[in-house]
Structures are given as C-alpha cells and as structure tokens.
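Asker: Below is the structure I would like to discuss, written out as structure tokens.
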Amino acid sequence: MQFTAAQIALMIQGIVEGDASIAISSFGKIEEAVNGQLSFMANPKYEEYLYTTQASIIIINDSLELKTGINKTIIRVKDAYSAFATLMTKYQELAAKQLKGIQEPSYISASAQLGNNIYFGAFAYAGEQVTIGNDSKIYPGVFIGDRVKIGSNTIIHAGVKIYNDCVIGDHVIIHAGVVIGSDGFGFAPQADGTYKKVPQLGNVIVENEVEIGANTTIDRATMGSTVIKKGVKLDNLVQIAHNVEVDENTVIAAQTGISGSSKVGKNVQIGGQTGISGHISIADGSKINGKSGVTKTIKESNKSFNGNPAYDFSTSKRIEAHTRNLPALEKRVKELEKLVEQLNAERLIPKLGQKTSL
Amino acid sequence: MQFTAAQIALMIQGIVEGDASIAISSFGKIEEAVNGQLSFMANPKYEEYLYTTQASIIIINDSLELKTGINKTIIRVKDAYSAFATLMTKYQELAAKQLKGIQEPSYISASAQLGNNIYFGAFAYAGEQVTIGNDSKIYPGVFIGDRVKIGSNTIIHAGVKIYNDCVIGDHVIIHAGVVIGSDGFGFAPQADGTYKKVPQLGNVIVENEVEIGANTTIDRATMGSTVIKKGVKLDNLVQIAHNVEVDENTVIAAQTGISGSSKVGKNVQIGGQTGISGHISIADGSKINGKSGVTKTIKESNKSFNGNPAYDFSTSKRIEAHTRNLPALEKRVKELEKLVEQLNAERLIPKLGQKTSL
Amino acid sequence: MQFTAAQIALMIQGIVEGDASIAISSFGKIEEAVNGQLSFMANPKYEEYLYTTQASIIIINDSLELKTGINKTIIRVKDAYSAFATLMTKYQELAAKQLKGIQEPSYISASAQLGNNIYFGAFAYAGEQVTIGNDSKIYPGVFIGDRVKIGSNTIIHAGVKIYNDCVIGDHVIIHAGVVIGSDGFGFAPQADGTYKKVPQLGNVIVENEVEIGANTTIDRATMGSTVIKKGVKLDNLVQIAHNVEVDENTVIAAQTGISGSSKVGKNVQIGGQTGISGHISIADGSKINGKSGVTKTIKESNKSFNGNPAYDFSTSKRIEAHTRNLPALEKRVKELEKLVEQLNAERLIPKLGQKTSL
C-alpha cells in the first residue's frame, strides 16, 4: 500500500509543506528511516535527525520552528506523535482488511458455520459445528477443534491450536503457536506410585478484546471454565492452568505462570517470569514485580508486591537492601563479639557469661 | 453423545429417583450446571445447590437424606464422587473412540506403516518408515519425522512436532505444540569467539503412559537417548535438555527446566518454574518446591527441597524467615553497638577496643 | 545411509584393522552402541568397553596399545574424538542434502521466489513476495508470511511461524515451533482502565549462522527491527521482546526472557531462566548465571553476575553464603544481647541504655 503526502495530510488533518505528491509505503523511526518511509518528530531531543533523516515524509508539531530548510516533505499537525500512532493503526486495519477468502487446501467440516468476509488460510482446520463470526481472520495452519465458537473481528495467527468446546470472543488477537484448551495437569496418585489421569472436561472462555502472546498455553478446566476476561493482555510463553480466572484489563508479562484454580483480579499488572501458586486470589489493581513468587492470597487492592516469596513492595525492597548488606552486618557482629568479650573479661563478677559459646 | 438417567445408572450401578428417560450430553459443577448436564453432590458443603441447581441429573450418595423434594432426576450410588469420575473417564474414552480414519489432505510416506483403527488428521505428516500402533490418534497438523515409532492407544494432539528417529510408547498423551527431538544446545567455543555446532545424533525415547503438556520441548541426545520413562507426567512449557533421563512416575509442573545430562529419579515431584542444573542427579521420591534452583546432586531419597539455591525444606524455610526479619536484626545490632559503645566508654582500661571502627 | 569401514577410514585418514567391508548406518556411545553402529574410544576411562562393546566399528587413537584381540573392526587415527565429531558433522550434512524438492500439498504464492535445490515440505506456506535462497530446507507445516526473506543454506524445522516482513540470514537453523515476528507487548493504558494496542509495525532480523531453539518466541519491533546478530545461539523457550538487540556470538540458555528495547552485547553467556529488564544494556563478554534477574545496565565487559537482583559473581556468592548462615548469625546476636544486658545491669551509671528495647 502506498500513500501520498496529500492523502496522509487528509487523514490526520495536517498541512503539507513541500511535494504533496511524494508517496511512502512503510514507517520508520526518524534516526533509522529510509527513502520511501514516513516518520515523525515530536520530542525536541530528536530534532537533529530532522535535518539528516532519509525519510520521505516527516510529521511534525504545528508549533515547531525549523532552524533551516529541509528538502523533505513535511506535514504539520497539532500533535505529531498521536497523528503518527493514528496512521499506524489505520495502516494495520487496512492491511488486515485486504486479507480475505478461503485459501486451498484447507479443511472445513460440513457442519462448520463461517461468517461473512472472513479469511481462512491454507492448512487451517475447522472441526464439527465450529462457528466463526464475521470479519475474523484465521491464518494458515490453525487448528479449531469441534464445537469451538469464535467471535467476529478476531485474528487467530498461524499455527494456533484451540481444543474442542472452547469459546473465543470478538476483537480478540491470538498470536502464533498459542494452545488453548489443552488438558489441565490433574492426576490422582495411586497406591502403587503411578498416577491416574483426572479427565479434564471443562473448556476455556476467552472474552472480547483479549490479546494472547505467542506460544502461550491456557489449559481447559476440569469442569466449568478457565476464563480470560474482557480486555486482558497476555504476553508470550505465559502458562495459565486449569480453572484459573483472569479478570478484566489485567496485563501479564512473558513467561509468567498461574497455577490451578487461582483468581487474578481486574486491572492487575504482573511482571515477567512471575509464579502464582494454586487456589489463591490476587486483589484488583495489584502490581506484581517480575520474577516474584506469590504464594498467598492478596486481599487488599492496589498494592505492589515483589520477591519470592512476595512481600509488599517496600518491605521487599528493605529486605533486599539488608540482604545486600549482610556481609557488612556480619562484620559488625564480629566486632561486637570481640569488644564484648574484652568487656566481659574485665568485669567484676566473672562467672557471668561463661555458659555462652563466645 | 447423549445418555439417559437409566443408561447412566446402569454404568455406575445406581438407583434412579425421578424421570429415568431424561438425557444429558455434558458435565457441570453443581453450582454452575445448566439444563442438559449431569452433576454430582458429594460434599455436604454444597448441599444447598442440590435444591437450586439447573443440572438435569444429579448423582448423590446413597446415604444422603433429602431435606425437601427435588424436581430433578437423582441417581443414588455408594460414592457419588468416584461414580462421577468414572463416568467422565468413560465419556472421554467413548469420544476418543469416535475419532477414526484418515482425513484428507494428509501426507503419509509410502514406507510408513499405520496400525488398525487409527485417526490421522488433515495436514498431519508421517515421514519415511514411520510406524504407528493400533488405536492411536494423530490430530491435524502433527509432524512425524522419518523412522519415528509411535505405539498403540497413543494420542498426539494438534501441531505436535516429532523429529526423526524418536520413539513414543503406548498409551502416551502428547499435547498440542510439543516439540520432541529438537537438537540439544551443544556448541563448541572457537578461538575467534564463534561457536561450532556439535551434531546431535541421538534421539528421544518416551515410554508408555507418559503425558506431556502443551508447548513443552524435549531435545534429542547428542548420542544415545534422552529418556522420559514410564508414567512420567510433564506439564506445559517444560524444557528437557539433551541426554536428560526422567525416571518412572515423576511429575514436573509447568515452566520447569532440566539442563543437559541430569538424571531425575522415580516418583519425584517438581514444582513449577524450577531449574535443575546440568550433570546432576535427583534421588527417588524427592519433592522440589516451585521456583527452586537445584544446583547440586540430591543423594538421599524422599526429602523436600526449596529455594534458589535449593536447601532441604526446613533449612530453606528457616533462612526465609530470618531473611524476612533482617531489618529487625539490623536494628538489634545497632542497639547493641550503641550500648557497647557506652559500656566501652566507661570502662577502666580505655585503650581496649580503640582499633575498632565503632 | 550406510558406510563401510574402508569408506570411513578414507574420510578421516585412518587405518583399518579387521574387516574393512563391514558397514554401519548410525552412531553410538561405546557403552551403549549396538550392532551396525560406529563408536569411538578416546578417554582411557572407557577402555574396558572397547573389549565388550557391540559396536561394529570403533575409532581409536593411533597410540593405543590393545590389551587383547578385539573381534570388531578398528580404525586408528591421530585423534579419535575429533575424527568422530568430523564424521557426525559430515553425516548430518549428507542427510540434509538428501532432502530436496517440493512436497505436495504445499502453498507457494505466485509471487514467491524459491532458490535452487531447496526442500519445501508438505503443508508449508510461503506468502506473497517471499524469497528463499539456494539450498535452504523448509520443513512441513512452516508458515512464512508475506515479504519474508530467507537466505541460503538455512534450515527451518517443522511448524515454525515467521510473520510478514521478517528477514532470516544464511546458514541459520530454526527449530520446530519457533515464532518470529509476533507483535511486541505494547499497550497504552486508557483513562477507563482498558488498554489500547500500540501497532507493532517493525520486523525481526535474524543474521547469518544463528541457531534458535524449539518454541522460542521473538517479537517484531514497534518500529525498526528486533535484531539477532551473526552467530547468536538461542536455546528452547527463550523470549525476546520487541526492539531487543542481541549482538554477535552471544549464547542464551533455555527459558530466559529479555524485555523490550534491551541490548545484549557480543559473546555474552546467559544461563537458563534468567530475566533481563527492559531498556538496559549488557556489556560484551558478560557471563550471567542461570535464574538471575538483571535489572540494571552492565557497563563493564567480561564480568560475571548472579542472583536476583543480580550482583557481580563474588559479591553474590558472598551474600548467598551469609544468607545461608543467617540463623547462626541471629543466634550470635541473641548471645550478645544476653551478655550485654548482664554487663549493662552491673554497670556504674545505671541510667544508660534504659531507653533501649532490650
């Protein structure tokens, strides 16, 4: 897709200075952009690049006074950064809209119901009684098990696997390699040391506007549903165990794991590589630092936590600092021992302290 | 699949109260079940739901005296929970048995040998000289490399990738996205700072009754075999490096990693996000807490470990508690310093202690 | 593939003792090898196996004096281990060379350009304007998005997903299930608690001679490129966030995560399950121990680090040792308190110290 400076100015209500017919087909940072790219300059720290950039078109703030002439095309708007973000979003929407139709070979069971205007890539598979809403995009190699329901305007990237009976909402984005609905890790120990599988007959429900990162795994419930609520954002390689519930607008960074039956509240932020124990709750608005290990329920909302085991943020940081100073503390204790031993040696009632191991 | 109360009662040797012709097609927890579902009530804590549930059929203990009439169908058995679990297992077996035949398009090399009664999904691939035992189910998009052997009654879920020459036993379940037989991480450092790949020519052997969670990775041995022994259960996103051996009936929770050439004993339990160093052994029956880092061989059997570096459980918990109290300890040392300084200042032989930094 | 002792001796400039016409088709460790396998014995510790091994051919050092006759075929070379390694590498190269041609069904867009002598497996997908260099191997089920460029002599294993516009170099190996170019985890918080997706319009560049382990994920840049430079080796299940740069010949072990916009220097070694915070730099030649959490920029080159938060290696180990001894330190402080209390009780000016909490 190509756009001229004139077309772009129209989209963002800007004013062109220079050649309005010049066209770009991609985006670049001002310090890296090449010929044929659109860039922007909003932060004065980057102004020097304005005069050296190879970008063909640069969006700048209305208020900016140029120090010298520029032989590139400029578009002036009120807020350059926000105009640029708007353009990037529009570009992605346009690119996505071009993706349409059913590529062959693909496998669509006779009982599957596909909405209007969808993309269904080569080697994608839709099992019995699958339903897919309008305007959704199913990339190549996606597996959709029997009776799965997928909403409208949802994008399922290449090689995602969704087991039978799971439910995916509208405006959801699921990145490549994600697995949804695999069996929960449930085994009953037997007397002979072996384990017997506990059947996992529930499903996974992913609500509207959720985004799920590459190769993340979400297990189905034993009974009932593992639920990822509206607006949740999961990063790559996250593990969500059976019967977990993640409430609205919570964001979870990469490689975090949440154990079985735990409930994470609304608007929680969890850093990468964190572990959450099973059967606990995390209150709304909690902030959990990366690499933490949360082993107990967090009842109070809007608090920050850190460490393994996790404590409230300030306690944890105090413990961290004291741990850092442990070698010094040990030295101070050794000095005290020496002094006290001397004091003790000189005292008037010598039998005291003799039972100690000093 | 639909079953009537009469059919279900027959399967679990129960007695029907109410309409024996009513039918269900899925399972639900008593507090969440909807019309058309089977539920159970074994724990008295949940008795209130017995009178309000929307489930069509409820299994209860023989001994339970109802407080009031119920307009649902009841099945009485000796042990309601165990009867329900039996039914769930039977249901899964029946559902799996319905899966049969070879879907097209799929790729089966001329030299591959497929057993009787197998399912081979669309877009699944079986390389040269692959063998698959009777009653196994290969879901869509599975890749099976040359000379791989798969036993009977084994289920390989969608999008699993098994490299050439690996061996998978009977009654194995491998969840979606698992990779078996990728190259071990072996590189020889060169004088110029680059690394030269050490060829990884061994394989992976997965014995009978193993279950492997979604997106887990198991590397092939450099020479010989990486071995996952009978009855082992691996959760999602676990990493097993080259030449590792995991012995019988060991269970390993999600996101744990085991480094090259380490040996994990029988009936070991490893919590999530644990790391095991390379070239060490873990004794039979060890229990390792989540997020631990085990850096040394564990020789004694049946002990518990925790922490990073991991210590025996009680030592680790004692260290954890003392670490938590470090700020208080520091305060006590400060008080002591103050007191000792005063004592020192008053003493009779003043030169003592002058070399200290108090 | 089969090779006779005579053929092997020719390849490694060795001298055959015994039947030069005997043939092998695979490799084995001397203590495990079976009939039809080639083995080697370089380490005297293993000499006993030389007389009991089932291997058909054994490579040994020129200098070795046999204690007794062996009824196997022997090949003598100057350095048995290095000759064996050479053979393993040659074997893999030969095996790879046999893989050729385009398997059907596969999907190659009309505008894709494929080099000479490539392998393109069944169910693999090449989007619009994809280019693939000579001698590259694309295994079954690989997804290659629009405008992706892949170099020559590169191996992409089964089920890898590469999003549009990414660039992969020459002599690269990407293992099964890897995802390259998924959206970075970028969301702008909104006033109502929801998050708005920040479009991720950059790409990923993987330079020559990189190897990437199974199910690893590498996100595309927001703008510009996420870059994995020449000779980098990534293990399994590694997470590389958007706009990260990993410089030449750096090796990163399994399950490590690197957060957005961080820069890892040349010849860095990072242990498994390590976390690197966002927007920091790691100096060339750094060594970071497994399970570390690096939260600050490392400026000085060639230093070792450990712990979470990570300190230089010796500080970290000193802190670890002191932490281990915390219960003993607490005991010492308690003894001191007792002694000082007694000393204080006996002193001449009793009001001192009364304000303390002893």
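The values are calculated or read from the model by the stated rules, or taken from the named source; none is laboratory data. Note that the structure is a prediction, hence the values are computed from the model and not measured. Glycine also receives a Cβ, built like all others from the backbone with ideal geometry; neighbour counts cover every protein chain displayed. Side chains are part of the model used for accessible areas, which takes the heavy atoms of the whole protein and leaves out ligands, DNA and RNA. Shrake-Rupley method; radii C 1.70, N 1.55, O 1.52, S 1.80 Å.
Asker: How big is the dipole moment of chain B about its Cα centre under a simple scheme where the beta carbon of each Lys and Arg is +1, that of each Asp and Glu is -1, and everything else is neutral? Debye, nearest 20, please.
Answerer: So the magnitude is around 1240 debye.
Asker: I'd like the carbon and sulfur percentage of the solvent accessible area for segment B:3-97, probe radius 1.4 Å, heavy atoms only, ligands and nucleic acids excluded.
Answerer: Here carbon and sulfur together make up 52 percent of the probe-accessible area.
Asker: If you don't mind, another one. Tell me the per residue accessible area of segment B:101-315 using a 1.4 Å probe; a whole number in Å² is fine.
Answerer: On a per-residue basis, 31 Å².
Asker: I need the calculated FRET efficiency for the pair B:K338 and A:E346, taking r as the beta carbon distance and R₀ as 25 Å, to the nearest 0.05.
Answerer: FRET efficiency, B:K338 to A:E346: 0.80.
Asker: For C:N116 and B:E128, what does the FRET efficiency come to when R0 = 22 Å and r is the distance between their Cβ atoms, rounded to the nearest 0.05?
Answerer: For C:N116 and B:E128, the calculated efficiency is 0.40.
Asker: Checking buried surface per residue: for segment A:7-45, which residues lose a minimum of 50 Å² accessible area in the protein assembly relative to the chain alone (1.4 Å probe)?
Answerer: When all protein chains are present, A:K29 each give up 50 Å² or more of accessible surface.
Asker: So if each residue of separation counts as 0.36 nm, and I subtract the Cα-Cα distance between A:Q92 and A:T52, what length gain in nm does that give?
Answerer: Stretched out fully, the A:Q92 to A:T52 stretch lengthens by 11.6 nm.
Asker: OK, next. Return the residues of segment A:215-253 for which accessible area with all protein chains present is lower than in the chain on its own by 20 Å² or more; set the probe to 1.4 Å and exclude ligands, DNA and RNA.
Answerer: Residues shielded by partner chains are A:N215, A:T217, A:M223, A:G224, A:K233, A:D235, A:N236, A:L237, A:Q239, A:N249, A:V251.
Asker: Then there's this: Determine the percent antiparallel among the DSSP beta bridges restricted to the protein assembly as shown, to the nearest 5.
Answerer: The antiparallel proportion sits near 15 percent.
Asker: Turning to a different aspect of this structure: Among bridges DSSP assigns within segment C:254-322, what percent are antiparallel (round to 5)?
Answerer: Within segment C:254-322, antiparallel bridges account for around 15 percent of the total.
Asker: If you don't mind, another one. In debye to the nearest 20, how big a dipole does the protein assembly as shown give about its Cα centre with +1 on each Lys and Arg Cβ and -1 on each Asp and Glu Cβ?
Answerer: About 3280 debye.
Asker: Would you be so kind as to identify which of B:L99, B:L114, B:I70 lies farthest towards the positive end of the dipole of segment B:4-148, taking Lys and Arg as +1 and Asp and Glu as -1 on Cβ and the Cα centre as origin?
Answerer: B:L114
Asker: Continuing with this model, one more query. What nm value, rounded to one decimal, do you get for the distance between B:S82 and A:K197 when each label is placed 7 Å out toward the C-beta?
Answerer: The modelled label-to-label distance comes out at 2.2 nm.
Asker: Any idea how far apart A:S314 and C:V34 come out in nm if each label point goes 7 Å out from Cα toward Cβ?
Answerer: 6.7 nm
Asker: Please calculate how many Å² of accessible area segment C:3-97 carries per residue, with a 1.4 Å probe and no DNA, RNA or ligand atoms counted.
Answerer: 53 Å²
Asker: Chain pair C, B: how much accessible area is buried, both chains summed, with a 1.4 Å probe, in Å² to 100?
Answerer: Roughly 5100 Å² of accessible surface disappears when C and B pair.
Asker: Something else about it: Given the Cα-Cα distance of C:D19 and C:Q2 and 0.36 nm per residue of separation, how much length would full extension add, in nm?
Answerer: 4.6 nm
Asker: Ok, one more. Which value in deg cm²/dmol, rounded to the nearest 500, describes the helix-derived mean residue ellipticity at 222 nm for chain B, given -39,500 (n - 2.57) per DSSP H run of n ≥ 4 and division by the residue count?
Answerer: -5500 deg cm²/dmol
Asker: Can you list the copy-to-copy distances for C:S314, using a point 7 angstrom from Cα toward Cβ, in nanometres, shortest first?
Answerer: 3.7, 3.7
Asker: Now for a different question. Would you list which aspartates and glutamates come within 15 Å of C:K100, measuring only between C-alpha atoms, while excluding same-chain residues fewer than 8 positions from it?
Answerer: Excluding near neighbours in sequence, the set is B:E128, B:D146, C:D135.
Asker: Within chain A, which complete DSSP H helices have Cα atoms spanning at least 24 Å along the helix axis and a mean Kyte-Doolittle hydropathy of -1.0 or higher?
Answerer: A:80-97, A:326-346
Asker: In addition: Taking all protein chains in place and a 1.4 Å probe, what share, in percent, of the accessible surface of segment C:101-315 do carbon and sulfur account for?
Answerer: Reported share for carbon and sulfur atoms: 46 percent.
Asker: So the label point goes 7 Å from the Cα of B:K67 along Cα→C-beta, right? Which residues of segment B:1-35 then have their backbone N under 20 Å from it?
Answerer: Only B:30-33 pass the distance filter.
Asker: How many lysine pairs are close in segment A:131-281, with Cα atoms under 29 Å apart and the two 8 or more places apart or on different chains?
Answerer: 29
Asker: Shielding by partners for C:147-155, please: the mean number of other protein chain Cβ atoms within 10 Å of each residue's Cβ.
Answerer: Partner Cβ neighbours, averaged per residue: 0.
Asker: If eta is 1.002 mPa s and T is 20 °C, what Stokes-Einstein diffusion coefficient results for chain C, Kirkwood Rh from Cα pairs, in µm²/s?
Answerer: Here the translational diffusion coefficient equals 86 µm²/s.
Asker: Find the relative contact order for chain B and round it to a whole percent, using C-alpha pairs within less than 8 Å whose residues are 6+ positions apart.
Answerer: 6 percent
Asker: If you take every DSSP beta bridge fully contained in segment C:101-315, what fraction is antiparallel? Give it as a percent rounded to 5.
Answerer: Here the antiparallel bridges make up roughly 10 percent for segment C:101-315.
Asker: Straight-line reach from B:K67: which lysines have Cα under 23 Å away, leaving out those fewer than 8 places along the same chain?
Answerer: Within the straight-line cut-off, B:K67 pairs with B:K29, B:K45, B:K78.
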